[in-house]
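Student: Have a look at this one.
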Amino acid sequence: MIYIVDRVQVAPADVPAYLQALSDSAHPVLTEAGLELESCRATAGDLGLDVDVEVVWRVESFEVWNEVRRDLVRHPGWRAWAHRAEGLRRGGSRRFMFPVDLPVGG
Amino acid sequence: MYSLADPAPAGPVAMLRHALADCGRHIPEVLDSAVGTNRTEVPLHLVWEHAYESPAAYRRYMVHPFHASVIDRFVLADSPERVTGHNDLGLGLFGYTCPGSDYYLADGIRRLVLLDLREATAGEVAAIGGLAATTAGPAVSVFAPNTMAATWFDGETPVGGTPEWTHLWEQGFEDDAALEDHLGRDGAAAEAERTGWRSVPGVSRAIELRYRIEPGWGYGRARD
């Protein structure tokens, strides 16, 4: 399993709009293309800093991701989501991550 | 060919350039990677030229983790780290097939003339090809249809309609002086170039990109 981790920085006042965009622009399009939503978390909004919003999507393999990608780039809703998100975030990152064994204890 | 965002942060753009130039180190199927900065007014700023041995090799690139994890990080529309931007030219991927490394230019100036020949007859396309083939001057001269734009998913299966920019005349020159000498010559091709191709039957639109070849990792390896 591959985890696609998008972490963006959003002004506190824009967090509701960003989450709304995730909900009604990103989620329908990305899940239709084949991604599954793993989690969505955010830092506190009252720290006097931008809020970090972290959304994790999962996909089975890079082969499946390639097909998802093909469908996304041809989907007008995906470009609309991208445009909407671009206007709300101040920065961010995307990483493809994998589960790793963490030897703990004994 | 990428339009860069305005403004585009210098650090991430440099990382993208490095990732593209270095791609063959990570994905062996990617041959002859080179990058260039377009010098013309066409709003395409960064060019990545590279080759594949076959459609199968291209498909291995498409599913490679380096492609998804590093290159797409900077170019995919919804990536938070995107540094590329939109353009209204209908241009992004442009590619053609050739029997060998016909495109190879060890060093010098690349010039790309992109042509919209959607309204051209077969005879008009052939005439333009003949013009390119008989023009002395460029050290590299390849006239070819843009087959990759419509088959970008697997290199073979059409996933889109006819591209807006249907043909390419790819040229290579030893240096800027050789390029200017080419453009200053007498002859039908030079005349067409000087007039922006407006006088040539079948050409709806033409744009030009120029850049100095910046060879990446393993450049020239395909000729070994």
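Student: Every residue in the stretch A:1-42 that is among the acidic types (Asp, Glu), closer than 18 Å to A:Phe98 by Cα and either within 14 Å of another protein chain (Cβ to nearest Cβ) or in contact (Cβ under 8 Å) with a residue 24 or more places away in the chain (or both), please.
Tutor: A:Asp6, A:Glu38 - these are the residues of the stretch A:1-42 that are among the acidic types (Asp, Glu), closer than 18 Å to A:Phe98 by Cα and either within 14 Å of another protein chain (Cβ to nearest Cβ) or in contact (Cβ under 8 Å) with a residue 24 or more places away in the chain (or both).
Student: Any idea which of B:Asp102, B:Asp32 is in a loop (DSSP other than H, G, I, E, B) and either crowded, with 16+ Cβ neighbours inside 10 Å or not assigned by TED's automatic domain parsing to the domain that holds B:Glu170 (or both)? Don't jump to the end; show me each part of the working.
Tutor: On the way: B:Asp32 fails: in a loop (DSSP other than H, G, I, E, B).
Result: B:Asp102 is the single residue among B:Asp102, B:Asp32 that is in a loop (DSSP other than H, G, I, E, B) and either crowded, with 16+ Cβ neighbours inside 10 Å or not assigned by TED's automatic domain parsing to the domain that holds B:Glu170 (or both).
Student: Starting from residues that are in a strand (DSSP E or B) and of a type outside the set (Lys, Arg), keep the ones in the stretch A:80-97 and report whichever is farthest from the other protein chains (Cβ to nearest Cβ).
Tutor: A:Met97
Student: When you go through A:Leu102, A:Leu49 one by one, which is the residue that is more than 7 Å from chain B (Cβ to nearest Cβ) and modelled with pLDDT of 95 or more?
Tutor: Working: A:Leu102 fails: modelled with pLDDT of 95 or more.
Being more than 7 Å from chain B (Cβ to nearest Cβ) and modelled with pLDDT of 95 or more holds for just one of A:Leu102, A:Leu49, which is A:Leu49.
One line per residue, one yes/no per condition, for (1) facing chain A (nearest Cβ under 10 Å); (2) of a type outside the set (Asp, Glu); (3) over 18 Å from A:Phe62 (Cα atoms):
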{"site": "B:Met62", "(1), (2), (3)": "yes, yes, no"}
{"site": "B:Val70", "(1), (2), (3)": "yes, yes, no"}
{"site": "B:Asp78", "(1), (2), (3)": "yes, no, no"}
{"site": "B:His86", "(1), (2), (3)": "yes, yes, yes"}
{"site": "B:Pro99", "(1), (2), (3)": "no, yes, yes"}
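The values are calculated or read from the model by the stated rules, or taken from the named source; none is laboratory data. For clarity, every value in this text was computed on a predicted model and none was experimentally measured. Every residue, glycine as well, gets a Cβ built from its backbone with ideal geometry; the counts of neighbours run over all protein chains shown.
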